[in-house]
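Below is one structure, written out as structure tokens, with a few remarks after it.
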Amino acid sequence: MESVTYDVRIWKKIEVYKGKRKTTHTVRWRVGVKTFREPHSTAAMADSFRSELVAATNRGEAFSLTTGRPAAWKDPKTAEEDNASKVSWFSFVCDYVDTHWGVSASHRLDRAKYLAKATIALVDDAPPGRPSDDLIRTAMRNWALNKVHRDRERPPEVARALAWLKEHTLPVQRLSDPTVARRVLTEVTSKLPENGGGSLGAKSAVKSKRILSHCLDFAVERRHLAANPVSFHRNPAGAIKWTPPKVNNLIDERSVPDPALARKLLDAVASENRSGSLLRPFFAVMYFAALRPEEAVNLLWTDVKLPTFTRDEETGEWVAPEDAWGEITVREVAPDVGRRWTDSGRQRDTRPPKGRAEGETRPVPCLPLLSRILWEHGRQEEQGPGGLVFFGERGHQLATSTYSKAWRKARRAALSKDRLDTPLARRPYDLRSACVSTWLNEGIDPPQVAKWAGHSVDVLLRVYARCLEGREQEARRRAAAGFEGF
């Protein structure tokens, strides 16, 4: 039986300690012969706690000699453990995304997508009215795991699904069972049934596991779990074994267009009646300056320095000096994430360039041919919103769907039927790969290429180990020449 006493003294004065990082307010009281202390982060919290102790003595309650608190109060450690065991996956995962909402919009979307999949493995299937897997994923991804949209108006079927999930997701503590943890990990690293099932691609599988592991690290921080069941690094003794698929980061040389095909593709884009003249320069900066699509779409005229063009009196043509190099400065990128996930409510999120800190920029040389293309583009009467270099035919920021559709049409026009089903120039991004490969093949120092392309040298040499299609024959010729005379 617990030892109790009525011999209690509570100090009136609350101790205040002002440290370098924070100030603490400590309540002191004595139970029997033992003195207890309880620190609080604010004066109001400390005063409230002291008032509760005083009220208990006024009611004549006995105090525990072990915990120092009224015997009727629960042991704080036991109460914490009880609360932890009752916290549902739904409540916890909402807490997780809210606490980490300050990341980029693309990170928010990725977390919502994969943690919504995890929820499928963490629902109690016994209660009636279980929503379909597809509805669970939709409700979790677009509403529950979106801090901004969680309480906004939603379709009736989504509202019913969320109400059911609040009551019928398993406690987070169940993830300490290796069987449950394995089921969740399998769910997040697998393709959806409508996509054929099976394991995700290597990059997606590794990303999904990393997101799940970060989430469960937070469960440990919140004391819902004793250890992370899917992180061998943090839990070497108890983590479930999972072998990540091998990730191939090499550029597929079959996807990289050569100069002749690149020109054919850009000419095919330009031949489009409606938006060709607006889109050809957009694709040109990817091919001649190795800009990523999210970098090109957010390029401003204030970040483009072009040579001076003058009109030739005899021919009437606009000309520039022979060494007519310009420069492009990449300051911010705008990946297409979706309005639900951006702080601005716009389709694109704005952030620093990849691998760069806030305010850090990347200069890229603008060769004479590209300088002329951009100069001619800038002379058009129509201008982009907010000083944007590239824009849609209606004057808005260029949409991913717009340039993707134009690229598919250009590819069909430029490639023969037998090459359409190959990886060759399948994505606009392949123009950037062609540019970087060309720089390397021309013998430009890798550190310089890495600086222009926005890579580290290590990543550059690893990713671009394969270069333009057909260059291996040239390498073999040069290798054989080195042994002539043997």
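The values are calculated or read from the model by the stated rules, or taken from the named source; none is laboratory data. Not measured: the values here are computed from a predicted model. Using ideal geometry, Cβ is built from the backbone for each residue, glycine included, and neighbour counts are taken over all protein chains shown.
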Checklist outcome for this item: Per the filter on the range 70-114, residues over 24 Å from Ala163 (Cα atoms), at pLDDT below 90 and not polar (S, T, N, Q) are Ala71, Ala72, Trp73, Lys74, Asp75, Pro76, Lys77, Ala79, Glu80, Glu81
Item to check | Entirely in the range 377-464, the helices (runs of 4 or more DSSP H) that have 1 or more residues that are at pLDDT below 90 and hydrophobic (A, V, I, L, M, F, W, C) | outcome: 429-441, 457-463
Item to check | Top-ranked residue in the range 9-48 [being part of a strand (DSSP E or B) and either within 40 Å of the chain's Cα centre (by Cα) or not assigned by TED's automatic domain parsing to the domain that holds Phe63 (or both); ranked as farthest from Ala62 (Cα to Cα)] | outcome: Lys18
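Residue-by-condition table, conditions (1) buried (at least 20 other Cβ atoms within 10 Å of the Cβ); (2) hydroxyl-bearing (Ser, Thr, Tyr); (3) over 30 Å from Glu322 (Cα atoms); (4) not assigned by TED's automatic domain parsing to the domain that holds Asp258:
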{"residue": "Gly378", "(1), (2), (3), (4)": "no, no, no, no"}
{"residue": "Phe391", "(1), (2), (3), (4)": "yes, no, no, no"}
{"residue": "Ala399", "(1), (2), (3), (4)": "no, no, yes, no"}
{"residue": "Ser404", "(1), (2), (3), (4)": "no, yes, yes, no"}
{"residue": "Asp421", "(1), (2), (3), (4)": "no, no, yes, no"}
{"residue": "Arg427", "(1), (2), (3), (4)": "no, no, yes, no"}
{"residue": "Thr438", "(1), (2), (3), (4)": "yes, yes, no, no"}
{"residue": "Gly443", "(1), (2), (3), (4)": "no, no, no, no"}
{"residue": "Val457", "(1), (2), (3), (4)": "no, no, yes, no"}
Checklist entry - Does Asn142 satisfy being modelled with pLDDT of 95 or more and part of a loop (DSSP other than H, G, I, E, B)? => result no
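One line per residue, one yes/no per condition, for (1) assigned by TED's automatic domain parsing to the domain that holds Arg280; (2) under 21 Å from Gly454 (Cα atoms); (3) in contact (Cβ under 8 Å) with a residue 40 or more places away in the chain; (4) of a type in the set (Ser, Thr, Tyr):
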{"position": "Arg331", "(1), (2), (3), (4)": "yes, yes, no, no"}
{"position": "Thr342", "(1), (2), (3), (4)": "yes, no, yes, yes"}
{"position": "Ala357", "(1), (2), (3), (4)": "yes, yes, no, no"}
{"position": "Glu360", "(1), (2), (3), (4)": "yes, yes, no, no"}
{"position": "Leu369", "(1), (2), (3), (4)": "yes, no, yes, no"}
{"position": "Gln383", "(1), (2), (3), (4)": "yes, no, no, no"}
{"position": "Gly387", "(1), (2), (3), (4)": "yes, no, yes, no"}
{"position": "Leu424", "(1), (2), (3), (4)": "yes, no, yes, no"}
{"position": "Ser433", "(1), (2), (3), (4)": "yes, yes, yes, yes"}
Checklist entry - Looking only at the range 340-371, which residues are crowded, with 19+ Cβ neighbours inside 10 Å and within 30 Å of Arg311 (Cα to Cα)? => result Val364, Cys366, Leu370, Ser371
Checklist entry - Residues in the range 1-24 that are in contact (Cβ under 8 Å) with a residue 12 or more places away in the chain and either closer than 21 Å to Pro70 by Cβ or of a type in the set (Gly, Ala, Ser) (or both): how many? => result 11
Next on the checklist: I'm trying to understand the selection: among the residues of the range 10-40, which are exposed (fewer than 11 other Cβ atoms within 10 Å of the Cβ) and in contact with a strand residue (DSSP E or B) (Cβ under 9 Å, 6 or more places away or on another chain)?
Outcome noted: Lys13, Tyr17, Lys18
Item to check | Answer residue from the range 120-130, given it is in a loop (DSSP other than H, G, I, E, B) and in contact with a strand residue (DSSP E or B) (Cβ under 9 Å, 6 or more places away or on another chain) and is surrounded by the fewest Cβ atoms within 10 Å (Cβ to Cβ) among those | outcome: Asp124
Checklist entry - Out of the range 171-223, which residues are surrounded by fewer than 17 Cβ atoms within 10 Å (Cβ to Cβ) and in a loop (DSSP other than H, G, I, E, B)? => result Asp177, Lys191, Leu192, Gly196, Gly197, Gly198, Gly201, Arg222, Arg223
Checklist outcome for this item: The lone condition Ala320 fails out of (1) modelled with pLDDT of 85 or more; (2) in contact with a helix residue (DSSP H, G or I) (Cβ under 8 Å, 6 or more places away or on another chain) is (1)
Checklist entry - For the range 301-317, which residues satisfy the criterion of being in contact (Cβ under 8 Å) with a residue 12 or more places away in the chain and not aliphatic (A, V, I, L, M)? => result Trp301, Thr302, Asp303, Lys305, Pro307, Thr308, Phe309
